[in-house]
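The values are calculated or read from the model by the stated rules, or taken from the named source; none is laboratory data. Note that this is a predicted model, so its numbers are computed, not measured. Cβ coordinates were reconstructed from backbone atoms using ideal geometry, including for glycine residues, and neighbour counts include every protein chain displayed.
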Ligand SMILES: Cc1cc2nc3c(=O)[nH]c(=O)nc-3n(C[C@H](O)[C@H](O)[C@H](O)COP(=O)(O)OP(=O)(O)OC[C@H]3O[C@@H](n4cnc5c(N)ncnc54)[C@H](O)[C@@H]3O)c2cc1C
């Protein structure tokens, strides 16, 4: 009997006849190395990750996920699960084993009369926005439209609408989940409540979500939003003012600070291209008039190089950063949560930005809080409700020869800012080399997560993620 060799220590291999049977059972595709679709499925956003699964199942329907999990169990194949493929740690793909690729499952169905959306696990944030904005509605998600809704939701999810409407998980009403045994269950406030609690922040540890049901909110079609660009030389002083303006602003207003070399955008004067700048990116979820009023204190800061705040289509604003975040570059991230932005943190960040290792590297400070902070830390698996700012040191480069210098810079900025951070962090921004941080990040919820993991995945079949080991 000819077998497909597996690289994983436990894999038993699958006979070609068994793969043929799998192919017949599926709506989607089975791909081996060399087949059309194989490279597309295994290639993810972060080019640092280049792994070769033994078998790829490209799912078209929920039944494909069920069949793929059972197949992996029968053949003792390690399981990797891919949504949008954006996770910095690269957990969407493994070497060897079975890759369950959900990216073809992009459906997003809206019922505007009840303000709800049902979204497939391969949808990107852009897919969700397009479907919901047709009705003037939105789910609070993240700021880059090519990110996968699945991984983002399972880790928490925050962006321009988090302060007014909560995190993505705070708007999750129910989910369909394929369990480690290959059974389909529903999780909600009234069904499998422990599972529903755990998937709201606990990542892909508990099962494979095949469908998400979200609460929608009226947003757009235009939002008052845009960028204000300042010389980096003023960053120390301006960030101190930003801290005040951001905290005093209404929940509808969200302001992020980004420090990087200026990209050659048409509204930034040519002499600034390639020089360090501080950019305030802001969005107001409400009327244009109220947005204009709320943004006035921000607009009065310093002497900007450019100010392009104004009405923009919400879907366009959600994709505004896409050109700077395209897939295919080498990337490494370091993240901290801050309850307040101390002077010491501002000094450490600006000192780091003065030494940017490349033209695509940046530090951003995302403003969170608002509705997100009014949810109890134990209401969902995501416990870090006291953070008001999330920092991401994002180093990004093209040439592998720059790996060590780029990574070293991110680690230095992370270390210098550590004394001012909460000690927790956002699991979706954590790179692959910090497994010891996971327990700290989940803090008071960690033991409960391990108990839920024991119930739903006692053998840790779903372990290619920011892993939470089942309680013994
Ligand atoms: C450019 C960029 C911008 C970002 N901006 C934001 C932002 O504004 N806000 C924010 O909150 N986050 C942001 N993120 C982080 C993002 O939330 C995470 O990277 C998230 O994991 C991406 O989800 P994905 O489905 O694309 O990732 P994948 O890499 O496909 O999956 C991530 C993890 O989830 C698991 N998984 C995926 N789908 C499922 C499923 N259906 N069931 C069970 N497990 C599953 C995978 O196995 C993997 O462990 C950004 C990331 C990038 C690269």
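From the list 69, 56, which one is modelled with pLDDT of 95 or more, more than 10 Å from the ligand (Cβ to nearest atom) and assigned to a helix (DSSP H, G or I)?
The match here is 69.
Only one residue in 322, 347 is touching a residue at least 60 places away in the same chain (Cβ under 8 Å) and more than 24 Å from residue 146 (Cβ to Cβ). Which one?
347
What single numbered condition from (1) crowded, with 24+ Cβ neighbours inside 10 Å; (2) in contact (Cβ under 8 Å) with a residue 40 or more places away in the chain; (3) within 13 Å of the ligand (Cβ to nearest atom) fails to hold for residue 123?
Result: residue 123 passes all but (2).
Kindly provide the set of residues from the stretch 134-152 that are buried (at least 24 other Cβ atoms within 10 Å of the Cβ) and more than 10 Å from the ligand (Cβ to nearest atom), ordered by number.
138, 139
Conditions (1) surrounded by fewer than 22 Cβ atoms within 10 Å (Cβ to Cβ); (2) within 23 Å of residue 318 (Cα to Cα); (3) touching a helix residue (DSSP H, G or I) at 6+ places or on another chain (Cβ under 7 Å), marked per residue:
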residue	(1), (2), (3)
208	no, no, yes
216	no, yes, yes
225	no, yes, yes
236	yes, no, yes
240	yes, no, yes
252	yes, yes, yes
256	no, yes, no
263	yes, yes, yes
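On the basis of being modelled with pLDDT of 95 or more, within 11 Å of the ligand (Cβ to nearest atom) and more than 30 Å from residue 393 (Cβ to Cβ), does residue 113 make the cut?
It is false that residue 113 is modelled with pLDDT of 95 or more, within 11 Å of the ligand (Cβ to nearest atom) and more than 30 Å from residue 393 (Cβ to Cβ).
Could we say that residue 451 is surrounded by fewer than 22 Cβ atoms within 10 Å (Cβ to Cβ) and either in contact with a helix residue (DSSP H, G or I) (Cβ under 7 Å, 6 or more places away or on another chain) or over 26 Å from residue 47 (Cβ atoms) (or both) here?
yes
Name the pairs whose Cβ atoms lie under 9 Å apart, with the first residue in the stretch 31-50 and closer than 14 Å to residue 97 by Cα, the second modelled with pLDDT under 95 and surrounded by 13 or more Cβ atoms within 10 Å (Cβ to Cβ), and 6 or more positions between them or separate chains?
So the pair list comes out as 32/4; 32/19.
Taking the stretch 425-448, which residues are surrounded by fewer than 17 Cβ atoms within 10 Å (Cβ to Cβ), touching a residue at least 40 places away in the same chain (Cβ under 8 Å) and assigned to a loop (DSSP other than H, G, I, E, B)?
432
If you go through the stretch 457-469, how many residues are touching a helix residue (DSSP H, G or I) at 6+ places or on another chain (Cβ under 6 Å) and either without any contact (Cβ under 8 Å) to a residue 40 or more places away in the chain or not in a loop (DSSP other than H, G, I, E, B) (or both)?
Looking only at that region, the number is 0.
Restricting to the stretch 359-384, give me the number of residues that are assigned to a loop (DSSP other than H, G, I, E, B) and at pLDDT 95 or above.
Here the count works out to 14.
So, in the stretch 155-181, how many residues would count as being over 22 Å from residue 252 (Cβ atoms) and within 12 Å of the ligand (Cβ to nearest atom)?
7
Tell me whether the stretch 80-90 contains one or more residues that are more than 13 Å from the ligand (Cβ to nearest atom) and modelled with pLDDT of 95 or more.
no
Within 25 Å of the chain's Cα centre (by Cα) and either buried (at least 22 other Cβ atoms within 10 Å of the Cβ) or under 21 Å from residue 395 (Cβ atoms) (or both): is that true of residue 319 in this structure?
no
Those residues that are surrounded by fewer than 22 Cβ atoms within 10 Å (Cβ to Cβ) and closer than 11 Å to residue 167 by Cβ, I need them from the stretch 380-414; list them, please.
The answer is 385, and nothing else.
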